[in-house]
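Encoded as structure tokens, the structure appears first; notes follow it.
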Amino acid sequence: MTRRSGDGAGLLAAFRCGVDNLAAHVDEVNALNVFPVPDGDTGSNMLATVRAALAEADAVAGQPADRIAQAISYGALMGARGNSGVIASQIFRGMAEGLGGKRQFGGTELAHALTQGTATAYKAVVKPVEGTILTVIRESAAAAVAAADAGGDLEAVLAAAVEGARQSVAKTPSLLPILRDAGVVDAGGQGLYRIMQGTHQYMVSRASAHAPIEAPAPAPAPTAAPVAPIDEGFGYETMFLLQSRGKALDIDRLRAELENLGESVLVAGDTGALKVHVHNERPDLIIALGLSLGTLTRITVENLDAQSHEVREKRAAEVVGAPIERHTRGAHHDGRPHVDLGTYGAEVASRRAESNGSNGSAGAAVVYGDKARDAGVSAPDVTGPGVGAAPAVAAPAGAAPAVAAPAVAAPAVPLAVVAVISGEGLARIFESFGVAAVVRGGQSNNPSTGELLDAVEKIAADEILLLPNNPNVVLAARQASEMTSRRVRVVPTRNAAEGYAALLAMDPARDATANAEVMTLAGRAVQTLQVTEAVRDATVGGHKVKKGQTIVLDPDDGLLAVGTDRMKAILTALEALDPGFELVTIYYGEGADLGEAELLAGRIGKWRSGVEVEVLHGGQPHYRYLVSAE
């Protein structure tokens, strides 16, 4: 790559240096975790994503710049891990579109590509949050455009983009109080800056930048504010395949019109056929717009408001003892599939009794060991005849998460489940309930979009339910569902306990769409806690946390309790839950053993008479205990 223009070989070499620079600073990025928990993985996720992109680009070495950019985009898309990796893949996708048709490129073309990357990344999320990687790419692109408008060559424009990224990262705590409170900058933004820094180092020295550069260290503020989830939205989710009637589809115009009608707009494809995804309150308007432009197939509409309102309004106190009333497929109540939470509780209790056996104890009952091994689980047939759960394939140390696929070919069945699981005990529990595939991965080891897509494609089923069991896997799961021709519904479970509750609520007689709504409700109806130890001093939600203290978090990483006495901290967190639960399940993970879990179960039994307590081996990393209450 010369200083004034670049070609395919130069782009590939510069990108390689960017990857190397991120690799040299991956621990730095991982440490920029808002919460002082031992699972910071933003740097690792971004590094895995760009390494996959580099491998794809290496396969077409020697091609023009646009072909290299396309390969980087595709590799990142398939290799995307975690929310940061998915957003980075969208940045590269937009940049590849910006370099389309360019054998070589200069400063102006680079600025345009960065602008396209910004637009594509922002469109990939429902509610963009400033003070994140999105802000960093936007301000970096703006700096690049300013340099290009001033007549800067390629090196000058890239230098301006890198400096813009550095300054933007330093400002992220001023945009997100939760970052300022924790005394850190945004991890995703810092990872992007390190990639860009490495590409610039190639320009000026033709070598990777390995010398450490201090990251900005803003002073902490007294309070923190919650960050809006990166992909949260309500209303109806409408999806369909739009095919032209001969006239080329105007992608940009369609996207603009959809954005006027709703949120979470995703339009993928070409001028002949497009896949459309949007959230809004009027799905009829979305469908009407599509019909005005072409022919629609594979139309689906899901009511996301039903999930949100029922979960928030009825919560666990109303759920215990009660609920999912079974209706024939297509039955509705007030315009949405009817879910009776009372019936759901009764059915779950019945299924648990079938799998565990009734002990009849009036006090706290404790069941030890794995359900599948010790309790004689009676697994519901979720996959149909011929598709049982295959044992997961263990990945070698340091390797990507492994996918457990059926050992033999089987005829297609109506409905199957794919679940993302971290921990041997948890994997056995899900396998015992007949999931068609277990994708090994979770916190600090998020599976890629490509691995999820591969798992889905291998399942012989008409419809597939995908359980991410981790908020940092939801975006990749949804991206995989958009890329496959299979009918896939994502049930946005935030941990394995929610996934287990969702699995218990699944009805093989229902289709995937109906099941996804019911299962989402079931997962959110269970209250869960995650117990770990603080890896550094921090301030979380206005509370001081010391390194080594036990911290108890809710599924959205809200701090429920902190203290030096682990048992007391867990009981304090349980006190903070909605009352009325009758069953507490303890999944003990790394750092805990059966004896310690038994002591905890005993303490819970004495604390709340009449509550049944189960103890199961989860084996999950980072979190000593995963606790559910229902």
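Observations on the model:
- Among (1) open to solvent by 40 Å² or more (accessible area, probe 1.4 Å); (2) at pLDDT 90 or above, the one test that S628 misses: (1)
- Among (1) open to solvent by less than 20 Å² (accessible area, probe 1.4 Å); (2) free of Cβ contacts under 8 Å to residues at least 40 places away in the same chain; (3) closer than 28 Å to E533 by Cβ, the one test that A53 misses: (3)
- Verdict on S84 being over 20 Å from H277 (Cβ atoms), open to solvent by less than 20 Å² (accessible area, probe 1.4 Å) and either out of contact with any strand residue (DSSP E or B) (no Cβ under 7 Å at 6 or more places or on another chain) or among the aliphatic types (A, V, I, L, M) (or both): yes
- Which listed residue is under 25 Å from the mean Cα position of the chain (by Cα), assigned to a helix (DSSP H, G or I) and of a type in the set (S, T, Y), from S140, S168, S174: S168
- For region 554-565, the criterion of being in contact with a helix residue (DSSP H, G or I) (Cβ under 8 Å, 6 or more places away or on another chain) and in contact (Cβ under 8 Å) with a residue 40 or more places away in the chain is met by at least one residue.
- Inter-residue pairs, beta-carbon under 6 Å, first closer than 20 Å to A569 by Cβ and in region 601-621, second assigned to a helix (DSSP H, G or I) and open to solvent by 30 Å² or more (accessible area, probe 1.4 Å), 6+ apart: R603/M567
- Residue-level check: of (1) over 25 Å from the mean Cα position of the chain (by Cα); (2) open to solvent by 10 Å² or more (accessible area, probe 1.4 Å); (3) not hydrophobic (A, V, I, L, M, F, W, C), D511 misses just (1).
- Any hit, region 233-245, residues being modelled with pLDDT under 75, among the aliphatic types (A, V, I, L, M) and open to solvent by less than 60 Å² (accessible area, probe 1.4 Å): no
- Residue count for region 17-34 satisfying the condition of being under 14 Å from A53 (Cβ atoms) and touching a residue at least 60 places away in the same chain (Cβ under 8 Å): 5.
- Some residue of region 130-142 being under 18 Å from G198 (Cβ atoms) and among the polar types (S, T, N, Q): yes
- Any hit, region 270-282, residues being at pLDDT 85 or above and either touching a Pro at 6+ places or on another chain (Cβ under 9 Å) or open to solvent by 40 Å² or more (accessible area, probe 1.4 Å) (or both): yes
- Filter result (hydrophobic (A, V, I, L, M, F, W, C) and in contact with a strand residue (DSSP E or B) (Cβ under 8 Å, 6 or more places away or on another chain)) within region 528-544: L529, V531, A534, A538, V540
- Within region 87-115, being within 30 Å of the chain's Cα centre (by Cα), surrounded by fewer than 23 Cβ atoms within 10 Å (Cβ to Cβ) and not in a helix (DSSP H, G or I) holds for one residue alone: G100.
- So A144, is it open to solvent by less than 30 Å² (accessible area, probe 1.4 Å), free of Cβ contacts under 8 Å to residues at least 60 places away in the same chain and within 25 Å of T49 (Cα to Cα): yes
- Set V531, V518: member being part of a helix (DSSP H, G or I) and at negative phi: V518
The values are calculated or read from the model by the stated rules, or taken from the named source; none is laboratory data. Since the model is a prediction, treat every value here as computed from it, not as a measurement. Don't worry about glycine lacking a Cβ; one is built from the backbone with ideal geometry, like all the others, and counts go over all protein chains shown. Side chains are part of the model used for accessible areas, which takes the heavy atoms of the whole protein and leaves out ligands, DNA and RNA. Shrake-Rupley method; radii C 1.70, N 1.55, O 1.52, S 1.80 Å.
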